[in-house]
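Working notes for the structure below.
The values are calculated or read from the model by the stated rules, or taken from the named source; none is laboratory data. Computed from a predicted structure; not experimentally measured. Here Cβ is always computed from backbone atoms with ideal geometry, including for glycine, and neighbour counts include all displayed protein chains.
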Amino acid sequence: MIYAAMRVLVLANQKGGVGKTTTAINLGTALAAMGERVLIIDLDPQGNASTGLGIERADRKLSTYDVLNGDATLADIARETGVPRLLVAPSTIDLAGLEVEIAGHSDRTTRLKKALEVLAAEQGEIASGERLTYVLIDCPPSLNLLTINAMAAGDSVVVPLQCEFFALEGLSQLLTTVEEVRGALNPRLTIHGIILTMFDSRNSLASQVVADVRNFMGDKVYETVIPRNVRVSESPSHGKPVLLYDLKCSGSQAYLKLASEVIQRERLLRAAA
């Protein structure tokens with residue numbers, strides 16, 4: 001493994017509003033609650049993952065923009081959150097202009113990979129109990145240079161997919177991009193799994209989408225389905241993951257189950273390797 005024991009999962013979907021950032025925040029929180037040490041890299045100029053973890057915009061003196069620009073390391077910008085064992089590398093709106101700034105550079109697609117290699121080397125110098133075990137990268141809702149950097153750096157892609165009519169159409173486009181990145185930049189990149197989000201059991205269309213996606217993607221679809229839940233929607237406005245905001249709600253319980261499933265898949269992957 002390129003990053004030793006540190007697994008890098010890329011949360012990507014070019015469609016907005018599918019629960020990608022919500023999943024990054026709450027999957028990271030659930031993994032940390034289970035004893036993993038997690039870093040969430042906010043690679044979206046909107047910075048919603050940072051806000052949802054309680055990092056005020058005014059406090060983001062250094063961000064992922066500085067890392068990709070070569071002015072800082074991930075260790076320089078990583079911030080503690082209100083969740084034990086969960087760190088975040090925050091983003092700022094400056095990221096929106098990065099693509100133009102580095103477009104002419106030969107390493108424009110591999111800057112995040114290099115930053116993660118530096119981080120992995122630094123992890124080898126600290127006590128084993130303090131080392132990161134998971135890095136989750138929250139991508140912008142587009143297949144732009146930031147998302148390509150994430151895929152070039154990642155071990156696997158996790159795809160949040162809303163239970164709605166056009167879900168499979170968007171998924172096909174994303175899978176094509178993953179194949180292109182695998183061929184050109186990162187031959188080890190795989191699809192870790194598809195997360196079905198915002199499921200409303202009262203909606204017969206949602207159940208049909210679940211059936212269609214499972215038929216199309218087979219065991220790549222996680223068993224856990226994230227329900228549409230008002231507590232999940234409310235929690236970011238309080239700067240908290242839903243597991244801190246309301247542990248007993250259906251959304252929190254679903255993300256805990258998802259984290260267990262992710263860990264189990266990782267164990268199977270390690271055993272196979």
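Which of the following residues is outside any helix (DSSP H, G or I), closer than 17 Å to Thr21 by Cβ and modelled with pLDDT of 95 or more: Leu136, Leu146, Leu132?
Of Leu136, Leu146, Leu132, the one residue that is outside any helix (DSSP H, G or I), closer than 17 Å to Thr21 by Cβ and modelled with pLDDT of 95 or more is Leu136.
Based on what the data block shows, is Asp66 surrounded by 16 or more Cβ atoms within 10 Å (Cβ to Cβ), of a type in the set (Asp, Glu) and closer than 21 Å to Lys20 by Cβ?
Here the answer is no, as Asp66 does not meet what is asked.
Considering only the range 1-17, state which residues are more than 23 Å from Glu125 (Cα to Cα) and either in contact with a helix residue (DSSP H, G or I) (Cβ under 9 Å, 6 or more places away or on another chain) or modelled with pLDDT under 85 (or both).
Within the range 1-17, Val10, Leu11, Ala12, Asn13, Gln14, Lys15 meet the criteria.
Does Arg202 satisfy the condition of being under 20 Å from the mean Cα position of the chain (by Cα) and either surrounded by fewer than 19 Cβ atoms within 10 Å (Cβ to Cβ) or assigned to a helix (DSSP H, G or I) (or both)?
no
Tell me whether the range 248-265 contains one or more residues that are surrounded by 13 or more Cβ atoms within 10 Å (Cβ to Cβ) and within 30 Å of Asp107 (Cα to Cα).
No, the range 248-265 has no match at all.
Every residue in the range 115-161 that is hydroxyl-bearing (Ser, Thr, Tyr) and either touching a helix residue (DSSP H, G or I) at 6+ places or on another chain (Cβ under 9 Å) or in contact (Cβ under 8 Å) with a residue 24 or more places away in the chain (or both), please.
Of everything in the range 115-161, those that are hydroxyl-bearing (Ser, Thr, Tyr) and either touching a helix residue (DSSP H, G or I) at 6+ places or on another chain (Cβ under 9 Å) or in contact (Cβ under 8 Å) with a residue 24 or more places away in the chain (or both) turn out to be Thr133, Tyr134, Ser142, Thr147, Ser156.
In the range 234-253, how many are in a loop (DSSP other than H, G, I, E, B), out of contact with any helix residue (DSSP H, G or I) (no Cβ under 6 Å at 6 or more places or on another chain) and under 10 Å from Gly52 (Cβ atoms)?
2
Given the conditions (1) in contact with a strand residue (DSSP E or B) (Cβ under 7 Å, 6 or more places away or on another chain); (2) among the β-branched types (Val, Ile, Thr); (3) assigned to a helix (DSSP H, G or I), report the number of the one that Thr177 does not fulfil.
Only one criterion in (1) in contact with a strand residue (DSSP E or B) (Cβ under 7 Å, 6 or more places away or on another chain); (2) among the β-branched types (Val, Ile, Thr); (3) assigned to a helix (DSSP H, G or I) is unmet by Thr177, namely (1).
With respect to Ala58, is the statement that it is surrounded by fewer than 24 Cβ atoms within 10 Å (Cβ to Cβ), in a loop (DSSP other than H, G, I, E, B) and of a type in the set (A, V, I, L, M, F, W, C) true?
no
Mind checking which residues of the range 162-221 are among the aromatic types (Phe, Trp, Tyr) and farther than 27 Å from Leu269 by Cβ?
Result: Phe165, Phe166.
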